[in-house]
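Novice: Attaching a single structure in structure tokens format; questions to follow.
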Amino acid sequence: MSLFRTRTRPSGARRRTSAVAAAVLAGALAGTLAACSSTSDAKAADGGAALRVGFISNTPNPAGPEGWADAHDELLPALKSAGIGKISWVPFKNGPDLSAAVQGGSIDLATLGDTPALTAKASGIDTYLVNQSAVGQDAWLVGAKGVTSLEDLKGKTIATQVGSYMYRYLVALLQQKGLADDVKITHVYTTNAVASLQSGGIAAYAAPAGQLTGVLTAQGYPVIDKASEDHPDLLGTGATIITKAELAAHPGLPDAWNAARAKAVGEINADPEAFYEFAAKASKTTVDVVKVAQPVSLYPAEPFTDKGLKLLQGTDEFLAENKLSKAVVDISAWRVPSSTATPAG
């Protein structure tokens, strides 16, 4: 089942893009089920349940506040009151891959971008929203050499990870510039973006700000657009979601998770340089890259903020209006019931 449909091109191209997304999700579901099956029934030595947590990364260790809390032996103790005795971290290349694993039942709790989380919910995947783990995720559109403006993309193929928050940014950007019917979008993982640009297979790539954009700009590829500078309304947010089954089994988990995360956010704000060193090591990159990709200002201590909810609502409405998701999500109803995730005010 495809979680995404796009109006970026006329009907033929739209079907091709949907087919790409469907193939990505189908392959991801098969792979993630196999990858996670070994931990599906695991129990900790003290009898607590194993929590299978999916996150987005090309490395095996989470690099945000949750990863900080885990690395400093603060996360698991905080979750024991909710009946959790072990945490199994499972990395995924992108949000749609992770959504497929949640749908397949091999992940209990996940941190991912707002776009795949919303489209999964709109498609019937039974989750609840625990928090907005990040607010203000930046996306850049980097062109092939010789491509210096959006107008240079007419009639050409550009790429991103279909179904990600960068994808939503790209579709909205093209619409705003009147290029929606003149550009073809194709799916390319961030790990293959450099090769695709070098080969001439694509004319531009929409990427998360950070390591990839640093590599591309260092090699002389031009930045055509930045969401943070040119389109702040198109910034992304992170989402932590929990399955209905996991919430029923451990109703205290969202509160415990949010409390541990808030403590970690306080610590990283108190010593940003220590956090950047930690995140650089976890992501296998440099401190300078982390400061661009993961500034401590990205992480609110509260589960929800006015700014975050406004961005989330805007993304939800855009996805539904443009047939990129099946329906508008009732965000208030999606949020975990009776959680510490209280309305911002």
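The values are calculated or read from the model by the stated rules, or taken from the named source; none is laboratory data. Everything numeric in this text was worked out from a predicted model, so none of it was measured. Every residue, glycine among them, receives a Cβ derived from its backbone with ideal geometry; neighbour counts consider all protein chains shown. Just the protein is used for accessible areas: all its heavy atoms, side chains included, with ligands, DNA and RNA removed. Shrake-Rupley method; radii C 1.70, N 1.55, O 1.52, S 1.80 Å.
Novice: Quick check on Leu298: is it closer than 12 Å to Leu118 by Cβ and at pLDDT 95 or above?
Specialist: Here the answer is no, as Leu298 does not meet what is asked.
Novice: Looking for whichever is assigned to a strand (DSSP E or B) and either in contact with a Pro (Cβ under 9 Å, 6 or more places away or on another chain) or not polar (S, T, N, Q) (or both) here; the options are Lys80, Lys121, Lys86. Which one fits?
Specialist: After ruling out the rest, the residue left standing is Lys86.
Novice: Turning to a different aspect of this structure: Does any residue in region 49-77 that is more than 15 Å from Ala256 (Cα to Cα) and at pLDDT 95 or above come within less than 8 Å, Cβ to Cβ, of a residue that is in a helix (DSSP H, G or I) and among the acidic types (Asp, Glu) six or more places away or on a different chain, and which pairs are these?
Specialist: Phe55/Glu66; Pro62/Asp70; Trp68/Glu267; His72/Glu267
Novice: With respect to the numbered conditions (1) at pLDDT 95 or above; (2) open to solvent by less than 10 Å² (accessible area, probe 1.4 Å); (3) assigned to a helix (DSSP H, G or I), which one is the sole condition not fulfilled by Thr240?
Specialist: Every condition holds for Thr240 apart from (3).
Novice: Let me ask you something else. Six or more apart or on different chains, Cβ under 6 Å: which pairs go from a residue in region 293-307 that's charged (D, E, K, R) to one that's surrounded by fewer than 17 Cβ atoms within 10 Å (Cβ to Cβ)? Could you list them?
Specialist: Going by the 6 Å Cβ cut-off, the qualifying pairs are Asp306/Ala344.
Novice: Please count how many residues of region 320-330 are within 17 Å of the chain's Cα centre (by Cα) and either open to solvent by 10 Å² or more (accessible area, probe 1.4 Å) or not aliphatic (A, V, I, L, M) (or both).
Specialist: 1
Novice: Same structure again: Kindly evaluate Leu29 against the criterion of being under 30 Å from Ala180 (Cβ atoms), in contact with a Gly (Cβ under 9 Å, 6 or more places away or on another chain), surrounded by 19 or more Cβ atoms within 10 Å (Cβ to Cβ) and at pLDDT below 95.
Specialist: Against the criterion (under 30 Å from Ala180 (Cβ atoms), in contact with a Gly (Cβ under 9 Å, 6 or more places away or on another chain), surrounded by 19 or more Cβ atoms within 10 Å (Cβ to Cβ) and at pLDDT below 95), Leu29 qualifies.
Novice: Could you tell me which numbered condition Ala259 fails, if it satisfies all but one of (1) open to solvent by 50 Å² or more (accessible area, probe 1.4 Å); (2) out of contact with any helix residue (DSSP H, G or I) (no Cβ under 7 Å at 6 or more places or on another chain); (3) of a type outside the set (Val, Ile, Thr)?
Specialist: (2)
Novice: Name the residue that is nearest to Asp152 (Cα to Cα), counting only residues in region 215-237 that are among the polar types (S, T, N, Q) and either open to solvent by 50 Å² or more (accessible area, probe 1.4 Å) or part of a loop (DSSP other than H, G, I, E, B) (or both). Steps first, answer last, please.
Specialist: Filtering region 215-237 for residues among the polar types (S, T, N, Q) gives 217, 219, 228, 237.
Those left that are additionally either open to solvent by 50 Å² or more (accessible area, probe 1.4 Å) or part of a loop (DSSP other than H, G, I, E, B) (or both): 217, 219, 228.
Numbers: Thr217: 18, Gln219: 20, Ser228: 22 Å.
By that ranking, first place goes to Thr217.
Novice: In addition: Keeping to region 262-288, report how many residues are in a helix (DSSP H, G or I) and open to solvent by less than 70 Å² (accessible area, probe 1.4 Å).
Specialist: Residues of region 262-288 that are in a helix (DSSP H, G or I), as a first pass: 262-270, 272-283, 287-288.
Now drop any that are not open to solvent by less than 70 Å² (accessible area, probe 1.4 Å), which leaves 262, 264-268, 272, 274-276, 278-280, 282-283, 287.
Adding up the residues that qualify gives 16.
Novice: Out of (1) outside any strand (DSSP E or B); (2) under 30 Å from Pro337 (Cα atoms), what's the single condition that is false for Leu212?
Specialist: For Leu212, the exception is condition (2).
Novice: Could you pull out the residue among Ala159, Ala193 that is small (Gly, Ala, Ser) and either part of a helix (DSSP H, G or I) or surrounded by fewer than 19 Cβ atoms within 10 Å (Cβ to Cβ) (or both)?
Specialist: Exactly one of Ala159, Ala193 is small (Gly, Ala, Ser) and either part of a helix (DSSP H, G or I) or surrounded by fewer than 19 Cβ atoms within 10 Å (Cβ to Cβ) (or both), namely Ala193.
Novice: When Leu179 is evaluated against the numbered criteria (1) open to solvent by 30 Å² or more (accessible area, probe 1.4 Å); (2) part of a loop (DSSP other than H, G, I, E, B), which criterion, by number, is the only one it fails?
Specialist: Single failed check for Leu179: (1).
Novice: Also: What are the residues in region 124-156 that are open to solvent by less than 20 Å² (accessible area, probe 1.4 Å) and out of contact with any strand residue (DSSP E or B) (no Cβ under 8 Å at 6 or more places or on another chain), if any?
Specialist: Ile125
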